1. Take region 141-159 and flag every residue that is among the hydroxyl-bearing types (S, T, Y) and either part of a loop (DSSP other than H, G, I, E, B) or in contact with a Pro (Cβ under 6 Å, 6 or more places away or on another chain) (or both).
2. Of all residues in region 70-85, which are under 23 Å from E124 (Cα atoms) and part of a strand (DSSP E or B)?
3. Any chance you could count how many residues in region 102-140 are outside any loop (DSSP other than H, G, I, E, B), among the hydrophobic types (A, V, I, L, M, F, W, C) and without any contact (Cβ under 8 Å) to a residue 60 or more places away in the chain?
4. Assess whether N147 counts as being closer than 24 Å to Y74 by Cβ and surrounded by fewer than 20 Cβ atoms within 10 Å (Cβ to Cβ).
5. With the requirement that a residue be open to solvent by 60 Å² or more (accessible area, probe 1.4 Å), within 22 Å of N157 (Cβ to Cβ) and either under 11 Å from the mean Cα position of the chain (by Cα) or free of Cβ contacts under 8 Å to residues at least 12 places away in the same chain (or both), what does region 51-94 give you?
6. Step by step: first the residues of region 5-36, then only those that are open to solvent by 100 Å² or more (accessible area, probe 1.4 Å) and modelled with pLDDT of 65 or more, then the one that is farthest from R182 (Cα to Cα). Which residue is that?
7. Return the pairs, sorted by first residue and then second, in which the second residue is open to solvent by less than 20 Å² (accessible area, probe 1.4 Å) and modelled with pLDDT of 90 or more, the first residue lies in region 169-195 and is closer than 12 Å to N66 by Cβ and of a type in the set (D, E), the beta carbons are less than 8 Å apart, and the residues are 6+ apart or on different chains.
Amino acid sequence: MVDLKEVFLEEAGPDERPGGLLREILSFAGYVIFVILFTYLVVHYVGQRTEVVGYSMYPTLNNGDNLLVDKLSYRFSDIERFDIVVFEYQHEENCFYIKRVIGLPGETVQIVGDEIFINGEVLEEDYGYEAIENAGLAAEPVVLGENEYFVLGDNRNDSTDSRDPRVDKVTKDIIAGKAFVRIYPFNKMGFLHHD
């Protein structure tokens with residue numbers, strides 16, 4: 001003998017089964033909550049999109065470039081020389097600067113003429129757009145303490161960076177992360193070189 005109730009339940013779609021609609025709604029709500037939570041965690045702890053404003057990192061970066069910033073890797077690895085970092089500007093709320101790391105903790109940085117010296121030796125690098133005209137604070141030796149970094153914009157004569165007392169030494173606790181890929185404009189999309 002065939003149980004008509006069993007046949008009805010087998011042929012019914014998910015919305016026609018008893019409690020099926022509620023189950024679908026709860027499943028969808030759970031999915032939406034998961035996506036929102038996942039997005040929140042990624043944006044706050046893993047990475048975020050940022051837009052470059054100004055020309056202090058020209059020619060590496062241009063005004064309007066959109067970048068992805070890795071906020072996670074510095075929790076597990078050291079900041080390295082020539083990394084492009086995003087950090088909080090201490091004199092304005094919700095303002096971030098993007099610069100290149102030149103000096104590392106424990107080092108002494110000095111700029112003489114248009115040359116950068118690290119611990120008394122010339123730093124071999126070619127990121128500067130043009131020869132440095134103003135050494136600023138680095139006209140005298142700048143000794144970096146634990147977790148302190150000396151940063152410069154690639155556009156050395158149009159950059160507010162560690163040579164300026166408003167920025168000075170940048171401490172690790174205000175570094176938000178490392179800029180690692182340009183996502184816009186599309187014709188320049190790709191990974192940023194740090195070495």
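The values are calculated or read from the model by the stated rules, or taken from the named source; none is laboratory data. Predicted, not measured: the structure shown is a model, and the values here were computed from it. Cβ coordinates were reconstructed from backbone atoms using ideal geometry, including for glycine residues, and neighbour counts include every protein chain displayed. Heavy atoms of the whole protein, side chains included, go into the accessibility calculation; ligands, DNA and RNA do not. Shrake-Rupley method; radii C 1.70, N 1.55, O 1.52, S 1.80 Å.
1. To start, the set of residues in region 141-159 that are among the hydroxyl-bearing types (S, T, Y) comprises 149, 159.
S159, the sole residue that qualifies.
2. Applying the first criterion (under 23 Å from E124 (Cα atoms)) to region 70-85 yields 78-85.
If the condition is that a residue be under 23 Å from E124 (Cα atoms) and part of a strand (DSSP E or B), then I84, V85 are the ones that fit.
3. Initially, region 102-140 is screened for residues outside any loop (DSSP other than H, G, I, E, B), giving 102-103, 108-112, 115-118, 121-122, 136-139.
Still in the list and also among the hydrophobic types (A, V, I, L, M, F, W, C): 102, 109, 111-112, 116-118, 122, 137-139.
Within this subset, residues satisfying the condition of being without any contact (Cβ under 8 Å) to a residue 60 or more places away in the chain are 109, 111-112, 116-118, 122, 137-139.
Going through region 102-140 one residue at a time, the tally reaches 10.
4. Details: closer than 24 Å to Y74 by Cβ: yes; surrounded by fewer than 20 Cβ atoms within 10 Å (Cβ to Cβ): yes.
Answer is yes for this residue.
5. Result: V53, N63.
6. L22
7. Filtered contacts from region 169-195: no entries.
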